[in-house]
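I have placed the structure first, in the form of structure tokens, so that the comments after it can refer back to it.
Just so it is clear, none of the values below were taken in a lab; they were calculated from the coordinates. No experiment lies behind these values; they were computed from the predicted model shown. In this analysis, Cβ positions are derived from the backbone assuming ideal geometry, glycine residues included, and neighbour counts consider all displayed protein chains.
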Amino acid sequence: MEEHVDGFIKMNMEGRILELGEQYYDEHITMSSNGEEFASSRAEATVKQKPYVESIAAFVITLIEKNIKDDIAEITFHYDITTKANENYAFTGKHIQTWKNGKIIHEEYVMLP
């Protein structure tokens with residue numbers, strides 16, 4: 001599982017969000033963000049993420065922490081993003097992922113203070 005998590009981390013840090021979804025998200029993934037449902041399938045997640053990804057002009061994504069226990073990965077990144085409208089957003093978020101057969105079947109994203 002660690003090689004899959006490391007692949008996810010690498011693609012995320014490279015900004016390949018839509019590609020990592022295609023490679024690592026199960027077709028029937030459930031996703032939530034700060035306790036709210038975000039998507040109930042890979043296709044829905046892609047539709048929701050695509051406009052955001054297309055709005056990014058520049059980014060620096062830094063891995064803060066990675067923990068794996070059994071089928072759960074907790075990965076924390078710091079994001080520094082500049083949009084094409086020249087807006088800058090910096091934040092830290094934790095991805096709590098449940099993996100099965102090399103795919104993420106559930107992901108909870110939590111923005112950290």
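The simple spin-label model puts a point 7 Å past each Cα toward its Cβ; for residue 91 and residue 44 those points are separated by 2.0 nm.
Taking Cα pairs under 8 Å and at least six residues apart, what relative contact order does the chain come out at, in percent?
Values: 217 pairs, mean separation 29.0, N = 113.
For the chain, the relative contact order is 26 percent.
What net charge is computed for the residues neighbouring residue 21, neighbours being all others with C-beta under 15 Å from the C-beta of residue 21, Lys and Arg scored +1, Asp and Glu -1? Provide the component values of the computation, followed by the final result.
On the way: positive: 10, 16, 42, 48, 50, 103; negative: 14, 19, 22, 26, 27, 44, 54, 107.
Here the charged neighbours net out to -2.
Taking the Cα centre of the chain as the origin, how large is its charge dipole in debye, to the nearest 20, when only Lys and Arg (+1) and Asp and Glu (-1) carry charge on their Cβ atoms?
Around 200 debye, computed over the chain.
For region 41-106, the Cα gyration tensor yields ellipsoid semi-axes of 26, 17, 7 Å (square root of five times each eigenvalue, largest first, whole Å).
Each label was represented as a point 7 Å from its Cα along the Cα-to-Cβ direction; for residue 82 and residue 63 these points are 2.6 nm apart. Total lysine pairs in region 1-104 at Cα distances under 22 Å, for residues eight or more apart or on different chains: 20.
What's the ranking of 12-21, 63-72 by average number of surrounding C-beta atoms within 10 Å, highest first? Mind dumping the intermediate values first?
Details: 12-21: 16.0, 63-72: 11.9.
My ranking of the peptides, most packed first, is 12-21, 63-72.
In a shell of Cβ-Cβ distance under 11 Å around residue 55, excluding residue 55 itself, what net charge do Lys and Arg (+1) and Asp and Glu (-1) give? Local charge sum for residue 55: 0.
Give me the extension gain from residue 74 to residue 111: residue separation times 0.36 nm, minus the current Cα-Cα distance, reported in nm with one decimal. Each step should come with its number before you reach the end.
On the way: separation 37, 0.36 × 37 = 13.32 nm, distance 1.28 nm.
Between residue 74 and residue 111, full extension yields an extra 12.0 nm.
Extent along the principal axes, Cα only, for the chain: 40, 28, 25 Å, with the longest axis given first.
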